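**Q** Pasting a structure here, questions to come.
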């Protein structure tokens, strides 16, 4: 497979996944910001949206582009703003453009899904920035993402391209889970007293719901929503598709298939990261401090993604003819 | 314009339905207008969803349009097709022999069949190709021959396209759409299939690979996703199961072409290129091109890779060469041409030029090297000022133009806002040349959607139809 194709497919699936994850993040923020004031004293809705932007690393960008943080403005920014490189709008746009460029490498049905999302965005986005239109729009985004994943799963041959797409999904997911946990922990640190258990309950429930993980949680823990258990599930639960363990396992498995040399740098890096998650436990994380753990994980994930780009998506071969190395913009927007 | 009404593909002069349209007419009479309207809408939505679009030059960035699709098919009876098929194969064989000849011994110039300067001074003539041998001596592996029908229904070749003819994906997608919308029509009669075109194309490409290869690797070379025909490039690559590459994905080392892949360099043997000559190799042609592959020419010259179509085919489809094609057929094949050429005035010749300047309001004047319906004068519909402009241009540079009588192109029933009305059509069949020369039965029918218009180009508001060749 061409290096360029591998790169485009990897980013294509990252954008599709990112659109969905931003929808989930908006959903979580919306749920938290709607909790009655008495459950979250002194914390206005503005704070929740600030945390959301912060988790995406977009506080400064937003400030420069849109100024004051207002719930409506931030919602608009995250969902539909063409000036925000990571808005759902732009994720759908880039996903479709990459799909168009690689329509020979994906199935016709896959391109149709991407194209449909983009063509219907204007209609689906109408009124989405209003408080009462948000959830319908977010549902639509999640459904579109699921439809694409479904069609990919159902129609695409299990070739190299499929693996690069799966790789993009897993990398983007891991990235997102860290960011969501980050939001939640930044917030918890503001409530040190254990007397605020009921706040914790509602906020961590909101997190589970936004991740569509409430049912899984109940099955696994059968207790009231406990922050430690939620974190444990999001980090270590191998059968929870958004958990860091699940994501790093699949990254490692895919790279083992893609790499010709089992001792290559990417396989080694991904293996080390996956093993750390697989054989880690919550008490270890607590000893290290959750914030430090997440930062450390993010750094390793970043190193791994760089190794992936080096290994598969840039060709160092040039001919005597002196052909120029393609200066390829891989399109990183958040990271 | 001639007083006689144009040839109607569906009805004869008395208004009776021609036999090959009988089934379709029956179906149309028996089908409610509302259902047809609904199917037309369905077709449009579907083309949008599938993303069968083309980019339009000069529109705001990302300008994408659908080529309007008309659901009334253009039907060709099998007897007529047999003649067309034989004529197309004959013509393309002669054109390939002409290309081989002028890049080798130049016998045709020696015999004085056409003036030497017309070939050697032609901007499309590539002196670099002189003496280079190609597999099967084929230059134009994919040819799109534009055919029109005029007068009493006789077919004429309007133009040969031997560089990078496009549109074949619409031929295939139109058929797919029709089969989806109106399966009952295909059940009622035998329409010759076209769906195997990509397979034939792949076979053709593999048959001209450098010698001694068991499994030659082919690739489609595109200028990129912003090119107006990108959909087609991607479509053909996918249908053939080969890589779709851009210039940046290829490099040449030791006169050998490689793709940059996730597993390192991989050799390419045959390149179906959809980039013009000028941009293919900055070492030999336009040095400012970033679309091409430096060193590609040397690899072709060394016989290490085959380019389809190869460099320098434009010299044979130039409109100034066009009038000589019937003579080429006689010269190389010792056969009479099966297909007619449109009578063409050569403006470099004094008496032709005098006649043309006196009859500009009746004639069509074309730039010898123009394409896509740009830079053309249609005398009968042109204003006085337009005619005057062309008169001056011809006087200044007569060799740049040719003139032809205004053909009254045949019409085909077409769905328009006011119902069904006749609109002018042409036909582009695709001729493949590898180890043999062949045509899939059918082609792309283009239709001028504006009433009275003769311009069928998609860039000028033309649409397309499915083309049916009926089997016996």
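**Q** Can you find, within segment B:1-47, the residue that is surrounded by the fewest Cβ atoms within 10 Å (Cβ to Cβ) among those that are within 28 Å of the chain's Cα centre (by Cα) and in a loop (DSSP other than H, G, I, E, B)?
**A** B:5
**Q** For segment B:216-257, which residues satisfy the criterion of being assigned to a strand (DSSP E or B) and at the interface with chain A (Cβ under 7 Å from one of its Cβ atoms)?
**A** Those that are assigned to a strand (DSSP E or B) and at the interface with chain A (Cβ under 7 Å from one of its Cβ atoms): B:243, B:244, B:245, B:251, B:252, B:253.
**Q** Return a yes/no flag: does segment A:8-16 have any residue that is away from chain B (no Cβ under 14 Å), farther than 30 Å from residue B:267 by Cβ and surrounded by fewer than 20 Cβ atoms within 10 Å (Cβ to Cβ).
**A** Within segment A:8-16, none of the residues are away from chain B (no Cβ under 14 Å), farther than 30 Å from residue B:267 by Cβ and surrounded by fewer than 20 Cβ atoms within 10 Å (Cβ to Cβ).
So that you can scan it fast, the table gives a plain yes or no per residue for (1) buried (at least 20 other Cβ atoms within 10 Å of the Cβ); (2) within 13 Å of chain B (Cβ to nearest Cβ); (3) not in a helix (DSSP H, G or I):
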residue	(1), (2), (3)
A:106	yes, yes, yes
A:135	no, no, no
A:145	yes, no, no
A:152	yes, no, no
A:169	yes, no, no
A:173	yes, no, no
A:180	yes, no, no
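**Q** Still on this structure, please answer the following. All but one of (1) farther than 17 Å from residue A:171 by Cα; (2) modelled with pLDDT under 85 hold for residue A:231, so report the exception by its number.
**A** So the condition that residue A:231 fails would be (2).
**Q** Moving on to the next point. From (1) in contact (Cβ under 8 Å) with a residue 60 or more places away in the chain; (2) farther than 27 Å from residue B:238 by Cβ; (3) not in a helix (DSSP H, G or I), pick out the condition that doesn't hold for residue A:128.
**A** (1)
**Q** Can you name every one of the strands (runs of 3 or more DSSP E) wholly within segment B:53-99 that holds 1 or more residues which are in contact with a helix residue (DSSP H, G or I) (Cβ under 9 Å, 6 or more places away or on another chain), at pLDDT 95 or above and under 30 Å from residue B:329 (Cβ atoms)?
**A** So the answer is B:69-76.
**Q** Considering only segment B:249-269, state which residues are closer than 21 Å to residue A:164 by Cα and without any contact (Cβ under 8 Å) to a residue 24 or more places away in the chain.
**A** B:249, B:260, B:261, B:262, B:263, B:264, B:265
**Q** Give the residues of segment B:292-306 that are within 12 Å of residue B:273 (Cβ to Cβ) and away from chain A (no Cβ under 12 Å), sorted by residue number.
**A** Hits for segment B:292-306 are B:300, B:305, B:306.
**Q** What single numbered condition from (1) touching a residue at least 40 places away in the same chain (Cβ under 8 Å); (2) within 25 Å of residue B:433 (Cα to Cα); (3) within 14 Å of chain A (Cβ to nearest Cβ); (4) surrounded by 19 or more Cβ atoms within 10 Å (Cβ to Cβ) fails to hold for residue B:281?
**A** Checking residue B:281 against (1) touching a residue at least 40 places away in the same chain (Cβ under 8 Å); (2) within 25 Å of residue B:433 (Cα to Cα); (3) within 14 Å of chain A (Cβ to nearest Cβ); (4) surrounded by 19 or more Cβ atoms within 10 Å (Cβ to Cβ), the one that fails is (1).
**Q** Let me ask another. Can you tell me how many residues within segment A:233-256 are within 22 Å of the chain's Cα centre (by Cα) and either within 14 Å of chain B (Cβ to nearest Cβ) or surrounded by fewer than 19 Cβ atoms within 10 Å (Cβ to Cβ) (or both)?
**A** Taking segment A:233-256 and keeping what is within 22 Å of the chain's Cα centre (by Cα), we get A:233-255.
From what is left, the residues that are either within 14 Å of chain B (Cβ to nearest Cβ) or surrounded by fewer than 19 Cβ atoms within 10 Å (Cβ to Cβ) (or both) are A:238-239, A:241, A:253-255.
So the count comes out to 6.
**Q** Where in segment B:260-352 are there helices (runs of 4 or more DSSP H), lying fully within it, with 2 or more residues that are over 23 Å from the mean Cα position of the chain (by Cα)?
**A** It comes to B:296-301, B:325-333.
**Q** When you look at residue A:293, is it away from chain B (no Cβ under 14 Å), modelled with pLDDT of 90 or more and touching a helix residue (DSSP H, G or I) at 6+ places or on another chain (Cβ under 8 Å), yes or no?
**A** Yes.
**Q** Answer yes if at least one residue in segment B:145-159 is under 20 Å from the mean Cα position of the chain (by Cα) and either within 14 Å of another protein chain (Cβ to nearest Cβ) or assigned to a helix (DSSP H, G or I) (or both), and no otherwise.
**A** Among the residues of segment B:145-159, not one is under 20 Å from the mean Cα position of the chain (by Cα) and either within 14 Å of another protein chain (Cβ to nearest Cβ) or assigned to a helix (DSSP H, G or I) (or both), which makes the answer no.
**Q** Go through (1) crowded, with 19+ Cβ neighbours inside 10 Å; (2) within 23 Å of residue B:320 (Cβ to Cβ) and name the single condition residue B:398 misses.
**A** Residue B:398 satisfies every listed condition except (1).
**Q** How about segment B:185-207: which of its residues are surrounded by 14 or more Cβ atoms within 10 Å (Cβ to Cβ) and within 21 Å of the chain's Cα centre (by Cα)?
**A** Correct list: B:192, B:193, B:194, B:197, B:198, B:200, B:201, B:202, B:203, B:204, B:205.
**Q** Conditions first: (1) within 16 Å of residue A:147 (Cα to Cα); (2) within 13 Å of chain B (Cβ to nearest Cβ); (3) buried (at least 22 other Cβ atoms within 10 Å of the Cβ). Residue A:94 passes all but one, so which condition is the exception?
**A** Exception for residue A:94: condition (1).
**Q** Oh, and also: Of the conditions (1) in a helix (DSSP H, G or I); (2) modelled with pLDDT of 85 or more, residue A:239 fails just one. Which one is it?
**A** (1)
**Q** Within segment B:404-419, how many residues turn out to be farther than 25 Å from residue B:15 by Cβ and within 20 Å of the chain's Cα centre (by Cα)?
**A** 1
**Q** Given A:259, A:292, A:272, which one is farther than 24 Å from residue A:239 by Cβ and within 22 Å of the chain's Cα centre (by Cα)?
**A** A:292
**Q** Please work out if residue B:274 is facing another protein chain (nearest Cβ under 8 Å) and either out of contact with any strand residue (DSSP E or B) (no Cβ under 9 Å at 6 or more places or on another chain) or modelled with pLDDT of 95 or more (or both).
**A** Taking the combined requirement at face value, the residue does not satisfy it.
**Q** Which number in (1) within 14 Å of chain A (Cβ to nearest Cβ); (2) in contact with a strand residue (DSSP E or B) (Cβ under 9 Å, 6 or more places away or on another chain) marks the one condition that residue B:175 misses?
**A** Condition (1) is where residue B:175 drops out.
**Q** Can I ask one more? Determine whether residue B:422 is more than 21 Å from the chain's Cα centre (by Cα) and in a strand (DSSP E or B).
**A** Criteria met by residue B:422.
**Q** Taking the criterion of being more than 30 Å from residue B:298 (Cα to Cα), within 14 Å of chain B (Cβ to nearest Cβ) and either modelled with pLDDT of 95 or more or surrounded by fewer than 19 Cβ atoms within 10 Å (Cβ to Cβ) (or both), would at least one residue in segment A:309-324 satisfy it?
**A** Yes; the residues of segment A:309-324 include at least one that is more than 30 Å from residue B:298 (Cα to Cα), within 14 Å of chain B (Cβ to nearest Cβ) and either modelled with pLDDT of 95 or more or surrounded by fewer than 19 Cβ atoms within 10 Å (Cβ to Cβ) (or both).
The values are calculated or read from the model by the stated rules, or taken from the named source; none is laboratory data. Predicted model, so just to flag it, every value in this text is computed and none were measured. So basically every Cβ, Gly included, is an ideal-geometry build from the backbone, and we count neighbours across all protein chains shown.
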